[in-house]
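Input: a single structure, listed below in structure tokens.
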Amino acid sequence: MKTTIATLAATTLLTGMAFAGEHGGKMTIGITQNNVGVDSYQTTYEKAFIAAAEANEMVEAVVLDAGGDVARQIAQMEDLIQQEVDAIIIWPTNGEAVIPAVRKAKQADIPVIVTNSNIAEQGAEFVASFSGPDNITQGSRSAEIMCDKFKEMGIDGEAQVVHITGQPGYTTAIERAKGFEDRLPEVCPDVTVIDTQPGDWNREKSQKVMEAFLVKYDDIDGVYAGDDNMGVGALNAAKAAGREGIIFVGATNFAVGYEAMERGEYWGSIYQSPVDDAEAALQTAIDVLEGKDVPALNYFDTPKITQDNMGDFTKPVF
Amino acid sequence: MSGLTKQNIGSFLARQGILVAFALFMIGFTLANGRFLDPDNVMGVVRSSAILGVMALGVTFVVISGNLDLSVGSMMSFSTIVVLDLHDKIGPTLAIPAMFALTLCLGALIGFLVGYLKLNSLIVTLGMLSAIHGLTLTWSGGKNMDIADKEATWFGIFGQGEIIGIPVPILIFALLASVLGLILAKTPFGRKVYAVGGNGTAATFSGIRRARVVFSCYLMSSFCVATAGLIQASRSMGSQNTVGQGLELEVLAAVILGGASLLGGSGTIFKTVIGVLILGFIQNGLLLVGLQFYVQYVVTWVIIILAVWLDIAAKRGKLWSPIA
Amino acid sequence: MKPGTLSTFLKRGAIWGFIALELIFFTVAGEFLSVSDKAFMDVDNMLLLFKQSAPIGIIAMGMTIIMVNGNIDLSVGAIYAFCAVILLDSMTWPIFAGLGDAVIPVSWILALAVGTALGALNGLIVWKTGVDAFIVTLGSMLGYRGLVFMYNGEQPTSHLNWTLVDFAEQQFLGLHTATWFLLIVTAVIWFLMNRTVHGRNAYAIGDNRAAAVNAGIRVGPHMMVNFMIIGFLAALSAVVFYSESGSVNPNDGELYELWVITAVVLGGTKLTGGAGSIISTFGGVLAIQLLRKGLAHIGADTETVNLVIGLILIAVLFLDRQLNLKGKEELKV
């Protein structure tokens, strides 16, 4: 692994120098996003990205949206390669299907930065850097938040948890689920995860999934959702069914999640800003182009937030 | 009871196949899981079917008049987002009529294109599916819409309230179904809808203004969509831009299950309600016996084909089609 | 000039006029709005246009036959996804373990066979029950999608085979592999529709089914063959696309049926059957992809793309009807 990173650093250095030689002026950076408009996080990310690109006079940005369709995203990668942009940032719709397209960019000597959700292992060698949250850590932090609360309530010996995951096949969803499911038995060995279903990052879908869980199980003590949008959907289902005392823990703290925490209905989450996410991605691309040494995995920090410490955080804007 | 010959029973079974299938499903699921017929569960199924059901009522009119409406899901997202946004800007009392007015405008536009310009309804509503989605994103700026202060508003009543122990969405669904059912079955307008769908040209010659009837059907459909959007918005007090995505096909499936012919001219509100309930109970029943949601797709496929097949087989008096 | 020739020419020409308009508009607008230094009508960009049109385009050729028949097939997106799952999954089946890269053609054939079979099932139901194709395929659109999910739950099915990817990324005489498939399919279906008895029958059935029956055409088997063709083409589309990407999500291909139908209608095929041309469908496919590409080129955002695509669809339908009316008036003179 070390050699790969070293080679990566070397190649990025090379492309960086090549870039400095060829241009001398502006750098053109293309981005193909997953599905803008499907939720607030992605929309805020896009706005922040455009703002950051406009603020930097060295950068021209080509901003594209794949609309969640992997075929369209691959076409956009091809278009960006054909337009000979200096670097491409990709927010993958499918962590595996885009790998050949990423390889194509690499073969055309265009460095690719993956943002927000990483592509699968096999693609790592074609990527200049990944910029985004550490989702495995996020998952394990959520497990800790939930376990601590159960201990405080004294039910960590028998609590039952249901788990609503993000969109299947999406690396963020897989990693968060893995982080949570690996960590929970370590900190709370007697808590059981009784069921897991995908909520596709969608509040309404998650609400339906939770309605089904409530029909199926009489005793649910905790819900872990892959993001707050789904967490709030599950909360709405529980409220409608009049089931109280369930501990909700999410990730990617949305404004709705923050508000639900203020009302005391929602216990905790992970604080992650789309503005940080977008700016980090752009900065990583610029660093790569300037030939700086960029780590292969470039994480930004995402702390725990619960009802106890939420005063330390401002309300998310999305 | 002397008329109950074997043939009559057969033809009854075929004609009311959908009711028979419904009864069989209910019995099967009840035997498989005791909780299925639990009043709480039944109430839950009807409540969560109400949004789909309200939309299906409007689409029933459109389908009987011989057209299609694929834009209802996209339009429902629009209504939901608009009413949530306006709620915080101008208050619920004004937001609700404003949202209804805007949604009816969309319905009027479709009605104009299909009714007066005589454009093909499949393509028009397909185009509107995409265009309205664009409109919704423009309105919301792509952000989720949430009511800021969820405690201080009475807006939740349409989706979460109860009157004499019955959830309000069920009451709205029932009320709308009765009113629209009466309009369709008992008024001159209802007869015109059947006439236009059954044979458009004949209807024109008999003095019915086809364009106006089609226009009214789409207006009716958009009214139902607005109502569904209101229930949805009130239920969750916040929403994504894609809340209604894909609902158009579920709605169509429910209407077809209810026996409305896509060629127009047949179908009733009562049967559509049955179609909606079948979909809802199948989903819930499969869940209770521990099957995944996608098994429901396969089951729906089989019963749609069987229901429609038996229906037309009864009409033509032969099981197999006469196609050479 | 025979009566109607002008209108036919106008109708056939309309889509190409629209494409020319798009090219001019995006080239000019691109000069002002695009960040890229490259012209929109760059050769490489146009080559990509063909390649990117392939997934929808291949299916659209089959849909044209179906719609000329007066039927419709809403299940193509689900067939596409199911065949992709079969393609990628079968490469890892233990029974093929000894084959090495020779598993690739085996998996292709398997996927194509499954697609043809699913199409045949649709066709058989339409034939034997007499239920309208819209309802039959609306049902199987749900049913086949259910099968996709049952195969692998909600997880994606993945198998990245670099030999396969390299083949799919080949360019022969400048054209990508996917483009070749699109062109060959277009040529074959054109031949089928214009030079064979089957093609003549397809138009005859769509034009007047009763007359076709009287003329001794066996309508049922004919329609079933057409459903097998579109099933095969949906599978071929999946084979072409997923050979290059190597991973399929269970909801891939959703809404494809709608884009395919849009392309066919843009090409002037009537939903009521009896009329339609393969070459114009090809134009319709290019027009849609060009619109997407062009809007991205000038930096339009998501909401504008949705709005414009929807409205253009309705506008083209309106124009098409006006042109048809003109044709009828001419016939009277």
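Quick one: of the DSSP bridges fully inside the protein assembly as shown, what percent are antiparallel, nearest 5?
In the protein assembly as shown, approximately 25 percent of DSSP beta bridges are antiparallel ones.
Of the lysine pairs in segment C:5-332, how many meet both conditions: Cα atoms under 22 Å apart, and a spacing of 8 or more in sequence or different chains?
10
Filter the GluC sites (Glu not before Pro) in segment A:107-173 down to the DSSP loop ones having no more than 12 other Cβ atoms within 10 Å, then list what survives.
Passing sites in segment A:107-173 are A:GLU158.
List C:VAL106, A:VAL63, B:VAL289 from most exposed to least, where exposure is judged by having the fewest other Cβ atoms within 10 Å.
In order of increasing Cβ crowding within 10 Å: B:VAL289, C:VAL106, A:VAL63.
Where is the GNM fluctuation largest for chain B (alpha-carbon springs, 10 angstrom cutoff): B:ALA195, B:ALA152, B:ALA253?
B:ALA152
Ratio of alpha-carbon Rg to the 2.2 N^0.38 Å globular estimate for chain A, to two decimals, please.
1.05
Over the alpha-carbon set of segment B:233-289, work out the extent along each principal axis and list the three values in angstrom, largest first.
So the three principal-axis extents are 39, 31, 18 Å.
Given +1 on the Cβ of Lys and Arg, -1 on the Cβ of Asp and Glu, and no further charges, what dipole in debye does the protein assembly as shown carry about its Cα centre, rounded to the nearest 20?
6040
Any idea how far apart B:ASP149 and A:GLU158 come out in nm if each label point goes 7 Å out from Cα toward Cβ?
The modelled label-to-label distance comes out at 4.2 nm.
I'd like the distance separating the alpha-carbon centroids of segment C:14-42 and segment B:248-324, in whole Å.
Here the answer is 47 Å between Cα centres.
Quick one: what are the phi-derived ³J(HN,Hα) couplings along segment A:37-45, Karplus 6.51/-1.76/1.60 with θ = phi - 60°, whole Hz, x for glycine and proline?
Working through the residues one at a time gives x, 7, 8, 5, 4, 5, 5, 5, 4 Hz.
Tell me the label-point distance for the pair A:VAL187, B:LYS318, using the 7 Å Cα-to-Cβ offset, in nm and rounded to one decimal.
Distance between label points: 7.1 nm.
Go through segment A:36-73 and name the GluC sites (Glu not before Pro) that are in a DSSP coil and have 13 or fewer other Cβ atoms within 10 Å of their Cβ.
Hits after loop and neighbour filter: A:GLU57.
May I ask for the distance between the Cα centers of segment C:282-301 and segment B:131-174, given as a whole number of Å?
Their Cα centres are 36 Å away from one another.
Can you compute the charge dipole magnitude of segment B:42-316 about its Cα centre, using +1 on each Lys and Arg Cβ and -1 on each Asp and Glu Cβ, nothing else charged? Give it in debye, rounded to the nearest 20.
So the dipole magnitude of segment B:42-316 works out to roughly 1000 debye.
Using the 4.7 Å Cβ rule, please list in number order the cysteines from the protein assembly as shown without any candidate partner.
B:CYS105, B:CYS217, B:CYS224, C:CYS83
Output the direction-averaged projected area (hull surface divided by four) of the convex hull of the alpha-carbon atoms of chain C, in nm².
The orientation-averaged projected area of the Cα hull of chain C comes to 19.4 nm².
With no solvent and one equal point scatterer placed on each C-alpha of segment C:195-244, evaluate the Debye formula and give log10 I(q)/I(0) for q = 0.15, 0.23, 0.25 Å⁻¹, two decimals.
With no solvent term, the Cα-only Debye profile gives -0.50, -0.80, -0.88.
Chain B: longest stretch without exposed chymotrypsin sites (Phe, Trp or Tyr not before Pro) (DSSP loop, at most 12 other Cβ within 10 Å), sites themselves excluded?
B:155-319
Pick out which of B:LEU184, B:LEU219, B:LEU94 has the largest mean-square fluctuation in a Gaussian network model of chain B, springs linking Cα atoms closer than 10 Å.
With Cα springs under 10 Å in chain B, the top fluctuation among B:LEU184, B:LEU219, B:LEU94 is at B:LEU94.
Where does the Debye-calculated log10 I(q)/I(0) of segment A:257-318 sit at q = 0.23, 0.24 Å⁻¹, using only Cα point scatterers of equal weight, no solvent?
Each listed q maps to, in turn, -0.90, -0.95.
For segment B:263-324, which trypsin sites (Lys or Arg not before Pro) are both in a DSSP coil and crowded by at most 16 other Cβ atoms within 10 Å?
When the trypsin sites (Lys or Arg not before Pro) of segment B:263-324 are filtered for loop state and at most 16 Cβ neighbours within 10 Å, B:LYS318 remain.
Per Stokes-Einstein, at 10 °C and 1.306 mPa s, what whole-number D in µm² s⁻¹ belongs to segment A:126-267, with the Kirkwood radius over Cα pairs as the hydrodynamic radius?
This corresponds to a translational diffusion coefficient of 107 µm²/s.
Which values, in whole Å and largest first, are the semi-axes of the equivalent ellipsoid of segment B:127-256 obtained as the square root of 5 times each eigenvalue of the Cα gyration tensor?
Gyration-tensor ellipsoid for segment B:127-256: 33, 21, 11 Å.
Would you give the gap between the C-alpha center of segment C:110-131 and the C-alpha center of segment C:210-269, rounded to a whole Å?
Using only Cα atoms to place each centre, the spacing works out to 11 Å.
Tally Lys and Arg at +1 and Asp and Glu at -1 over the other residues with C-beta under 14 Å from the C-beta of C:GLY253: what net charge comes out?
-3
Quick check on my link table: of B:LYS118/B:LYS143; B:LYS192/B:LYS271; B:LYS89/B:LYS118; A:LYS216/B:LYS143; A:LYS178/A:LYS216, which ones sit more than 27 Å apart, alpha carbon to alpha carbon?
In this structure, B:LYS118/B:LYS143; B:LYS89/B:LYS118; A:LYS216/B:LYS143 lie more than 27 Å apart at Cα.
GNM on chain C, C-alpha springs below 10 Å: top fluctuator among C:VAL68, C:VAL260, C:VAL28?
Of the options given, C:VAL28 has the highest mean-square fluctuation.
Any idea what the alpha-carbon Rg over 2.2 N^0.38 Å comes to for segment B:21-104?
This ratio for segment B:21-104 stands at 1.53.
In whole Hz, with x marking every Gly and Pro, tabulate ³J(HN,Hα) for segment C:180-186 from phi via Karplus 6.51 cos²θ - 1.76 cosθ + 1.60, θ = phi - 60°.
Those phi angles translate into 4, 4, 4, 5, 5, 4, 4 Hz.
For segment C:199-320, with only Lys/Arg (+1) and Asp/Glu (-1) charged at the beta-carbon, what is the dipole magnitude about the Cα centre, in debye rounded to 20?
That gives a dipole near 540 debye.
Taking 25 °C and 0.890 mPa s as the conditions, I'd like the Stokes-Einstein D for the protein assembly as shown in µm²/s, using the Kirkwood hydrodynamic radius from alpha carbon pairs.
Estimated via Stokes-Einstein, D reaches 83 µm²/s.
With θ set to phi - 60° and the Karplus curve 6.51 cos²θ - 1.76 cosθ + 1.60, what are the ³J(HN,Hα) couplings of segment B:178-195 in order, to the nearest whole Hz, using x for Gly and Pro?
My calculation for segment B:178-195 gives 5, 4, 5, x, 5, 4, 5, 8, 10, 9, x, 4, x, 5, 5, 4, 4, 5 Hz in order.
For chain B, take the alpha-carbon Rg, divide it by the Kirkwood Rh, and send me Rg/Rh.
0.99
Taking 1 over the mean of 1/r across every pair of different Cα atoms in segment C:134-180, what Kirkwood radius in Å do you get?
13.7
Quick one: plug the Kirkwood hydrodynamic radius of segment A:88-163 (C-alpha pairs) into Stokes-Einstein at 37 °C, 0.692 mPa s, and report D in µm²/s.
My calculation gives 223 µm²/s for D.
Show the residues, 5+ positions off or on another chain, whose built amide H is closer than 5 Å to the amide H of A:VAL193.
A:VAL161
Go through B:GLN245, B:GLY285, B:TRP320 and say which Cα lies farthest out towards the positive end of the charge dipole of chain B; charges sit on Cβ, +1 for Lys and Arg, -1 for Asp and Glu.
Of the listed residues, the answer is B:TRP320.
Could you put A:LEU214, C:LEU313, B:LEU24, C:LEU182 in order, starting from the residue whose Cβ has the fewest other Cβ atoms within 10 Å?
Fewest-to-most Cβ neighbours within 10 Å comes out as B:LEU24, A:LEU214, C:LEU313, C:LEU182.
Readers should treat all values here as calculations from the given coordinates under stated rules, not as data from a laboratory. Only a predicted model underlies this, so the values are computations on that prediction, with no experimental measurement involved. When we count neighbours, we look across all protein chains shown, and the Cβ atoms used for this are built from the backbone with ideal geometry, even at glycine.
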